[in-house]
Structure formats: structure tokens, C-alpha cells
Amino acid sequence: MSRLWLAIAFVSCLAVFPYKSCGTRAPITLKKGGYEGLLVAIHNNVQEDSLLIDRIKGIFTDGSDYLFTASQRRAYYKEVTIVIPKRWSRQPEYEPAKDESSERAHFIVDEPNPDWGDNPYTQQMGGCGVKGEYIHFTPRYLLDKENSEYTYGPQGRLLVHEWGHLRYGLFDEYFTSYDDPGVHPFYLDRRERLQGTRCSLEIKGDNYMTETFSSCKIDRRTGLPERGCLFFPKLEKQYATASVMYAQYLDTVTSWCHSNADDPNGLHNREAPNKQNALCGEIGRASCRERV
């Protein structure tokens with residue numbers, strides 16, 4: 001794997017939040033396993049902070065290593081350009097912008113979206129397999145690394161999770177919302193055993209009420225836990241290797257799920273009522289790794 005190359009360019013950030021899809025994202029190319037042309041834009045509203053540049057460099061450096069592992073040594077981040085506001089102080093290593101702009105960026109650093117807060121997210125406008133528009137990070141998420149990693153896990157790993165949305169058109173394999181069609185926190189498998197929605201099925205955990213962390217009650221009529229109950233993966237003593245779209249923060253998770261039945265630790269959970277399976281049907285139920 002070659003070394004990650006980063007360029008920093010000055011440009012006036014003209015995009016107005018929220019960002020709209022205009023079909024002008026800068027092209028990303030894959031050459032000999034290295035992704036080139038990645039563009040990060042810091043919005044003009046963001047206060048100048050040199051540490052923010054270091055944090056962006058760090059997240060892509062760490063994320064590149066994780067992507068290389070998760071993709072079975074097939075891909076990594078090779079070239080990333082950071083576009084900063086023109087009003088920021090000039091530094092010797094900065095270069096004038098050419099055709100880079102915030103409207104063409106794949107990664108946006110801006111103040112929180114009211115719907116998401118400081119939670120990183122990918123804007124996905126299309127269906128299964130359709131590339132996302134951009135990934136959104138807030139300055140607080142990047143700068144307050146200790147708290148962010150306590151909440152979401154290692155930043156480089158989370159970047160690769162979001163990259164699955166952006167580049168490969170994948171969707172989350174955990175329970176997202178009761179409002180998402182076909183998505184549920186629990187289900188009864190083909191043997192009528194209660195299962196928490198997850199991938200792979202080898203991920204161990206316990207069921208708790210989200211508000212009190214008390215034990216969940218089972219509805220005798222449905223055989224499912226009461227509303228508000230969720231499956232929480234154990235943070236230790238795991239052997240599952242997938243999936244990046246479910247729990248990339250677990251130490252043992254180093255891959256997207258696959259369809260190899262001889263390796264249950266990374267096998268895609270076809271039955272799980274998650275967004276990936278709901279939106280991708282039989283395609284999504286086959287495997288995520290084959291789409292990477």
C-alpha cells in the first residue's frame with residue numbers, strides 16, 4: 001500500500017447549507033488499488049483551527065489502513081485534497097485551488113445538521129447500490145476526538161463505514177428506525193429463535209431497554225421484545241469479523257460481510273430485517289463484500 005498523499009487548497013466556499021445534489025461531484029478514480037481524487041471541503045462558516053487539518057489527515061490515514069484490511073487488501077485512500085475557506089490564514093504548504101470547490105466535494109466539514117447533530121452521516125438520495133452524495137462531519141466530531149471515539153468508535157473505522165454508503169451504495173445493517181419500512185430491532189429466525197438485528201449473526205450481545213438498561217419483556221403474542229428494547233453487542237470476547245456496516249467499532253470486525261458459509265464469523269445475515277436487506281432484496285441478502 002502506497003503512502004497517502006494530501007494536498008491543501010485555498011478556495012472560497014460558496015455552497016449554502018444544506019448541500020444539494022447537482023451531479024457535479026469531483027470524479028474519484030481507483031488506480032492499482034488506490035482511490036484518487038477524494039475532495040474534502042471545510043465550509044466557510046467553520047472557524048479557523050489548524051488542528052482540524054491534522055484531524056482530517058489522521059482520519060484518512062487511519063481509515064486507509066482499515067479500508068485496506070476490510071477490502072481484502074484491494075483498496076486504500078491514496079490521494080485526498082482538503083479545500084479550506086479563503087479567509088483562513090495562508091500557510092506555505094497550501095496551494096491555490098484549481099477546479100476544487102465545496103459543491104464538488106465528497107466530504108463536507110460544517111456545523112451540525114439539526115436532524116443529525118454531531119453524528120457523522122452520508123447523504124444518500126438513491127436506492128440499493130447507488131453512490132451517496134457526500135459524507136458530513138462536524139468540527140466538533142473531528143476536534144473532540146476522545147469523546148467522539150468513546151461514542152462512535154475509532155474515527156478511521158467510522159469513515160470506512162460511511163464510505164460504504166458513499167462509494168458502494170450500501171446501507172446500515174443495524175436497526176435504524178421504526179419508521180424505516182421493513183426494518184425491525186428483532187425477529188424470529190427460521191427456527192423461531194429470537195434474534196437481534198445484526199450482521200454477522202455471530203456477534204454476541206444482550207437485550208436491554210434503551211432508557212433504563214433494564215431487562216426487556218417479551219410480548220407473548222408476537223414472541224418479540226417490547227418497543228424500546230435493543231440488542232447491544234458485547235465490546236469484548238467477540239469472534240465475528242463482520243460487518244463494517246453493522247459494528248465497525250468492534251475490534252474483531254475487519255470486513256464487510258460475505259457469502260462464504262464456511263466462515264460463519266463473517267457470513268452475511270440474510271434474515272436480518274435491516275435497511276441493507278430491506279432495500280437491496282436478494283442482492284443485499286447475498287453479501288456486502290462482493291459489492292466492494
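The values are calculated or read from the model by the stated rules, or taken from the named source; none is laboratory data. Small disclaimer: the values here were computed from a predicted structure and weren't measured. Here the Cβ is made from the backbone with ideal geometry for all residues, glycine too, and neighbour counts use every protein chain on show. For the accessible areas, the whole protein counts, side chains as well, though only heavy atoms, and no ligand, DNA or RNA atoms are used. Shrake-Rupley method; radii C 1.70, N 1.55, O 1.52, S 1.80 Å.
Remark: relative contact order (segment 109-188) = 28 percent; criterion is Cα-Cα distance under 8 angstrom and separation of 6 or more residues. The alpha-carbon of Lys275 sits under 16 angstrom from the alpha-carbons of these lysines, leaving out residues fewer than 8 places away in its chain: Lys131.
Tell me whether segment 73-138 comes out rounded, prolate or oblate; compute the Cα gyration tensor, take square roots of the eigenvalues as a ≥ b ≥ c, and use a/c under 1.5 as the rounded threshold. Don't jump to the answer; show the numbers that get you there.
On the way: a/c = 2.15, a/b = 1.37, b/c = 1.57.
Oblate is the answer for segment 73-138, as a/c is 1.5 or above yet b/c matches or exceeds a/b.
Couplings 3J(HN,Hα) for segment 246-260, derived from phi with the Karplus relation 6.51 cos²θ - 1.76 cosθ + 1.60 (θ = phi - 60°), are 10, 9, 5, 6, 6, 4, 7, 7, 10, 7, 6, 5, 9, 10, 7 Hz, where x marks Gly and Pro. Packing, taken as the mean count of other beta carbons within 10 Å per residue, orders the peptides 228-235, 262-269, 189-196, 245-252 from highest to lowest as 245-252, 262-269, 228-235, 189-196.
Peptides 60-70, 203-213 ranked from most to least packed give 60-70, 203-213, packing being the mean of other C-beta atoms within 10 angstrom over each peptide's residues. What is the calculated FRET efficiency for Asp262 to Asp206, with r their C-beta to C-beta distance and R₀ = 25 Å, to the nearest 0.05? Here the calculated transfer efficiency is 0.35.
Model label sites at Glu236 and Asp99, defined 7 Å from Cα along the beta-carbon direction, differ in position by 5.4 nm.
How high is the relative contact order of segment 178-276? Use alpha-carbon pairs under 8 Å, at least six apart in sequence, and give a whole percent.
Working: 182 pairs, mean separation 32.1, N = 99.
Contact order relative to length: 32 percent.
Structural descriptor for the chain: relative contact order 17 percent, calculated from alpha carbon pairs under 8 angstrom and at least 6 residues apart. Taking every DSSP beta bridge that has both ends in the chain, the antiparallel portion is near 40%. For the chain, the solvent-accessible area of protein heavy atoms averages 51 Å² per residue (probe radius 1.4 Å; ligands and nucleic acids excluded). Against the chain, whose longest principal axis comes from its Cα atoms, helix 50-70 is set at around 50 degrees.
This model, with +1 at the C-beta of Lys and Arg and -1 at the C-beta of Asp and Glu, gives segment 153-218 a dipole about its Cα centre of some 260 debye. Kindly flag which residue pairs out of Lys32/Lys57; Lys32/Lys204; Lys32/Lys234; Lys31/Lys204 have an alpha-carbon separation exceeding 28 Å in this structure. Long pairs (Cα-Cα over 28 Å): Lys32/Lys204; Lys32/Lys234; Lys31/Lys204.
Summary of the geometry: segment 29-52 and segment 222-250, compared by the centres of their Cα atoms, lie 32 Å apart. Rounded if a/c is under 1.5, else prolate if a/b beats b/c, else oblate: with a ≥ b ≥ c from the C-alpha gyration tensor eigenvalues square-rooted, which is the chain? Note, shape of the chain comes out prolate. Computed from the Cβ-Cβ distance with R0 of 41 Å, the FRET efficiency linking Asn119 to Arg190 stands at 0.75. Fully extending the segment from Lys57 to Ile28 would add 8.6 nm, taking 0.36 nm per residue of separation and subtracting the current Cα-Cα distance.
Per the helix-only calculation at 222 nm, which mean residue ellipticity applies to the chain, given -39500 (n - 2.57) for every DSSP H run of n ≥ 4 and division by its residues, nearest 500 deg cm²/dmol?
Values: 6 runs with 64 residues, N = 292.
Counting only the DSSP helices, I get -6500 deg cm²/dmol.
Comparing Leu52, His165, Ser89 along the charge dipole axis of the chain, the residue lying farthest to the positive side is His165, per the Cβ-charge model. Annotation: amide H of Thr81 within the under-5 Å range of Ala7, Leu38, Leu39, Val40, sequence separation 5 or more or interchain, hydrogens built in the peptide plane. Roughly how tilted is helix 275-286, in degrees to the nearest 10 and between 0 and 90, from the longest Cα axis of the chain? Taking Cα atoms only, the helix is inclined about 80 degrees. Of the residues Ile135, Ile28, Ile84, the one that moves most in a GNM of the chain with alpha-carbon contacts below 10 Å is Ile28.
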